[in-house]
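**Student:** Here it is, the structure in full.
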Amino acid sequence: MTESASSKHPRSRSVSRAVLAVAGRGVLAVGTVASTVLGVGAVAVFGEPSAAPQAPPLARQSVEPAPVEPGSSAPGRSGTASEPGDESGEDPVRDWANEVAAVVDVPSRALVSYVNADLAMRSRSPECGVDWATLAGIGRVESDHGRYNGRRLGADAVPSSPIIGVPLDGGEDVRAITDTDDGVLDGDTVHDRAVGPMQFIPSTWAKWSTDGSGDGVGDPHNLDDAAMAAARYLCAGGRDMRSGDGWWSGVMSYNNSVSYARKVFSLAERYAQAGSRDE
């Protein structure tokens with residue numbers, strides 16, 4: 001990594017003042033989970049849908065529901081099957097997301113997940129400084145924001161069909177990781193596979209499982225949950241994601257590839273610029 005690269009980080013703290021006001025309401029708290037990290041090992045290479053097993057129903061995990069302020073909706077949840085982009089005037093996060101989605105190729109519903117995670121971490125770990133644009137950069141590289149191979153991100157923040165990576169069997173460009181969850185999350189009882197829109201390995205999800213949607217369940221296939229878990233992972237060990245060294249260290253811990261980090265950086269810069277247009 002060059003010195004010039006390590007001294008920079010995306011200018012991605014820009015979120016509209018209306019959205020920042022939401023952070024002060026205490027709406028965007030996060031569920032908790034114990035234990036330490038084993039490594040994300042996100043894999044940005046996917047098998048063809050016909051070859052990848054479908055994940056069985058999610059095993060419910062013990063996670064604390066995200067508290068919701070009386071009179072407000074749970075973070076990132078519409079409560080209906082309608083498109084989030086159809087909503088306006090009621091939720092500043094969604095209104096902002098709709099405006100940004102109109103100028104960048106990111107679903108409005110995905111932006112809601114990333115911004116909710118950003119705002120929650122401002123309260124939970126303000127010293128970290130992880131931001132929505134970095135999460136969006138990772139989400140784009142990992143799964144095209146839940147749209148990999150023609151999928152559609154639903155109003156519930158879940159892709160239209162599970163996104164499951166190639167088996168981690170030690171082949172080209174992948175680590176060798178034998179099954180750790182009896183196939184519960186990835187449908188594979190021989191090797192682990194990265195799952196969901198942020199591509200968590202089951203063993204890593206077991207450590208960082210987070211309820212970002214407020215339904216009491218940590219589901220890696222739900223972008224609300226996965227974005228919040230990714231934000232917590234990037235902040236691990238007291239990392240400062242606002243510094244150049246901290247940012248590169250965090251993204252490289254997610255996927256230890258310089259080319260990967262550069263892609264995320266470029267995308268995060270683009271998203272941050274689009275998100276700051278209303279400032």
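**Student:** For the residues Thr180, Thr210, what sequence is obtained by ranking on other C-beta atoms within 10 Å, fewest first?
**Tutor:** Listed from fewest to most nearby Cβ atoms, that is Thr180, Thr210.
**Student:** Here's something else I'd like to know. Against the 2.2 N^0.38 Å scaling, with N counting residues, where does region 82-233 land? I'd like the Cα-based Rg ratio to two decimal places.
**Tutor:** Scaled against compact globular proteins, the figure is 1.04.
**Student:** Seen from all sides and averaged, what is the projected area of the convex hull of the Cα atoms in region 153-258, in nm²? Don't jump to the answer; show the numbers that get you there.
**Tutor:** Numbers: hull surface 30.2 nm².
Average of the hull's projected areas for region 153-258 equals 7.6 nm².
**Student:** Based on the alpha-carbon gyration tensor of region 203-279, what equivalent-ellipsoid semi-axes (square roots of 5 times the eigenvalues) come out, in whole Å, largest first?
**Tutor:** Equivalent ellipsoid semi-axes, largest first: 23, 18, 12 Å.
**Student:** Tell me, what ³J(HN,Hα) does each residue in region 142-147 have, in order and in whole Hz, if you take phi through Karplus 6.51 cos²θ - 1.76 cosθ + 1.60 with θ = phi - 60° and put x for Gly and Pro?
**Tutor:** Result, rounded to whole Hz: 6, 8, 6, 6, x, 10.
**Student:** Using amide H atoms built 1.01 Å from N in the peptide plane, name the residues 5+ places from His191, or on other chains, whose amide H lies under 5 Å from its own.
**Tutor:** Hits under the 5 Å cutoff: Asp179.
No lab work stands behind these numbers, since they all come straight from the coordinates. Every value quoted in this text rests on a predicted model; they were computed, and no experiment measured them. No Cβ is skipped: glycine too gets one built from the backbone with ideal geometry, and neighbour counts run over all protein chains shown.
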